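The values are calculated or read from the model by the stated rules, or taken from the named source; none is laboratory data. None of these values were measured; they are calculated from a predicted model. Cβ: placed from backbone, ideal geometry, glycine included. Neighbour counts: every protein chain shown. Areas reflect the complete protein model, heavy atoms only, side chains present, ligands, DNA and RNA absent. Shrake-Rupley method; radii C 1.70, N 1.55, O 1.52, S 1.80 Å.
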Amino acid sequence: MRGLEEWLPFEDALATAVGRGSPDPTWLAPLLSAEGDDAQRLREAADGVRRRFVGYEVHLRALVEITSYCCRNCMYCGLRRDHTSQPRYRMSPSEVVALARQAASIGYRTVVLQGGEDPCLDRETVARILSDIKASTDLAVTLSLGERSYDTYARWREEGADRYLLRIETTDPALFASVHPDGNLRRRMQCLEDLKRLGYQLGTGVLVGLPGQTALSTADDVIWMRDLGAEMLGVGPFIPNPDTPLADTPGGALDQALNLVAVLRLVFPNAHIPATTALGALDPMGGEKGLKAGANVLMPNLTPRTQRESYALYPGKPIVDITSATCRDAIVARIEAIGRRVAADHGHVHRLTE
Ligand code: 5AD
Ligand code: SF4
């Protein structure tokens, strides 16, 4: 059992991180738990590394939530199958393709198709959607459709899917089991290995502030994600949802999540790191705070409003209608207001060895 006495003092931990020391809980944990001025210094250091390695550009990814059906029962999520009073929707393939085309015409270079684990959205349905989008736009396509078989991931890759997001959520076996009653940590890890092997640009991430989660456990998550070779890292605070079994737990704090964003930038200098929607749900300036703590990606939500209202993972998800070009302009203005600019290219991951 690693105890508190093995943690480096904050100063030494930050110096090790900035010096690109090999990730180790003795310095990751004190950074993840930083408070006050220390937390501020951590974010500034990460912001400097962000500037040096990925520059001033912010990549916009148009998010389309294509189905709110889910056969899983994650304890924290409003889309869990036992939440039976939740209205559900599933977009038709033509609706998804039309939204992707709209995203392209407004100026987005990437569309992210995200959804619950919906068995009706089967291999060939998604393959058709991919081939239609690829035939009629120049969009990069990111999928985030949960755990699927190797063959399904391979088929989607064949149809041109560029990237895949699948959060590991936590690598702590006991914690993983306690919040995923129908989950299997080994299988989820296998899915990520499969995606990697198939050449997807690979995104994963964790929740911050799950019940019983510690800084040491999050430090282990960071090391695991590094060993995996993740290239995109999406993390956010766990926000208790009143319609789930975890309704009465405290949830994660914005500062804790920002510490992790900063630590990830220090450990993965070239990675794409979004300022996630959950940061914005806890604080109207959460997005900007994320971008100033190491993040370089934003994922504006293009799901039409009526459907967005029933894609309720957690409370407080902003429901601003940003489907139009004017709304994209507003996002661009917010980015420019903090001295950054919107990237014009696809924002593929940087692979040094290719
Ligand atoms: N709070 C914050 N994030 C959540 N997610 C699901 N439920 C919650 C919640 N209550 C996140 C999960 C999932 C992603 C799509 O949404 O991390 O991977
Ligand atoms: Fe389904 Fe994903 Fe929510 Fe789990 S986190 S219940 S898999 S939508």
Requested in this report: May I ask which residue of Ala278, Gly115, Leu192 lies farthest towards the positive end of the charge dipole of the chain, with charges of +1 (Lys, Arg) and -1 (Asp, Glu) on Cβ and the Cα centre as origin?
Outcome: Gly115
Query raised in the report: Measuring from centroid to centroid over Cα atoms, what is the spacing of segment 151-220 and segment 255-272 in Å?
Result: 18
Query raised in the report: Which Cys residues of the chain have no other Cys beta carbon under 4.7 Å away?
Result: Cys70, Cys71, Cys120, Cys191, Cys327
Requested in this report: Please sort 262-270, 343-351 by packing, taking for each peptide the average over its residues of neighbouring beta carbons within 10 angstrom, highest first.
Outcome: 262-270, 343-351
Report summary line: Charge dipole of the chain built from unit charges on the beta carbon (Lys, Arg +1; Asp, Glu -1), centred at mean Cα; most positive-end Cα among Gly209, Gly55, Ala13 is Gly55
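Hey, got the dipole for segment 53-194? About the Cα centre, +1 on K and R Cβ, -1 on D and E Cβ, debye to the nearest 20?
Details: 19 positive and 20 negative charges, 28 e Å.
Computed charge dipole of segment 53-194: roughly 140 debye.
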Report summary line: Measuring from the longest principal axis of the C-alpha atoms of the chain, the long axis of helix 93-106 (C-alpha) lies at a number of degrees, nearest 10, equal to 60
Query - Exposure rank, largest accessible area first [Lys196, Lys292; 1.4 Å] - result: Lys292, Lys196
Requested in this report: Note down the magnitude of the dipole of the chain about its Cα centre, charges +1 on Lys and Arg C-beta and -1 on Asp and Glu C-beta and zero elsewhere, to the nearest 20 debye.
Outcome: 860
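With a cut-off of at most 11 other beta carbons within 10 Å, and DSSP calling the residue loop, which GluC sites (Glu not before Pro) in segment 156-233 qualify? Please list them.
none
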Query raised in the report: Just Asn259, Asn241, Asn184 to compare: in a GNM of the chain, with alpha carbon springs under 10 Å, which one fluctuates most?
Result: Asn184
Query raised in the report: Quick one: what Rg and Dmax do you get for segment 137-208 from the alpha carbons, in Å?
Result: 13.0, 44
Requested in this report: Per DSSP H run of n ≥ 4, the term is -39500 (n - 2.57); total these for the chain, divide by its residue number, and report the mean residue ellipticity at 222 nm rounded to 500 deg cm²/dmol.
Outcome: -13000 deg cm²/dmol
Query raised in the report: Cross-link partners among lysines for Lys317, C-alpha distance below 17 Å, same-chain residues fewer than 8 apart left out?
Result: Lys289
Query raised in the report: Helix 325-337 versus the longest principal axis of the chain: what angle, 0 to 90°, nearest 10, using Cα atoms?
Result: 10
Report task. Could you tell me what percent of the accessible area of the chain is made up of carbon and sulfur, with a 1.4 Å probe and every protein chain present? Result -> 52
Query raised in the report: Which aspartates and glutamates have a Cα less than 17 Å from the Cα of Lys292, not counting those fewer than 8 places away in the same chain?
Result: Glu35, Asp37, Asp38, Glu44, Asp47, Glu57, Asp255, Asp283, Glu336
Report task. Count the DSSP beta bridges whose two residues both fall in the chain, then state the antiparallel fraction as a percent rounded to the nearest 5. Result -> 5
Report task. With no solvent and one equal point scatterer placed on each C-alpha of segment 38-342, evaluate the Debye formula and give log10 I(q)/I(0) for q = 0.11 Å⁻¹, two decimals. Result -> -0.62
Requested in this report: Could you state the accessible area per residue of the chain in Å², with a 1.4 Å probe and every protein chain left in place?
Outcome: 41
**Report entry** Selection from Ala333, Thr170, Val261 lying farthest towards where the dipole of segment 38-342 points positive, charges on Cβ
**Finding:** Ala333
Query raised in the report: So which aspartates and glutamates can Lys134 reach, going by Cα to Cα under 14 Å and dropping same-chain residues fewer than 8 places off?
Result: Glu158, Glu159, Asp162
Query raised in the report: Roughly speaking, what is the centre-to-centre gap between segment 110-133 and segment 234-253 when only Cα atoms are used, to the nearest Å?
Result: 28
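Assuming a ≥ b ≥ c are the square roots of the Cα gyration tensor eigenvalues, decide whether segment 19-111 counts as rounded (a/c under 1.5), prolate (otherwise, with a/b larger than b/c) or oblate.
Details: a/c = 3.48, a/b = 1.54, b/c = 2.26.
Since a/c reaches 1.5 but b/c is at least a/b, the shape of segment 19-111 is classed as oblate.
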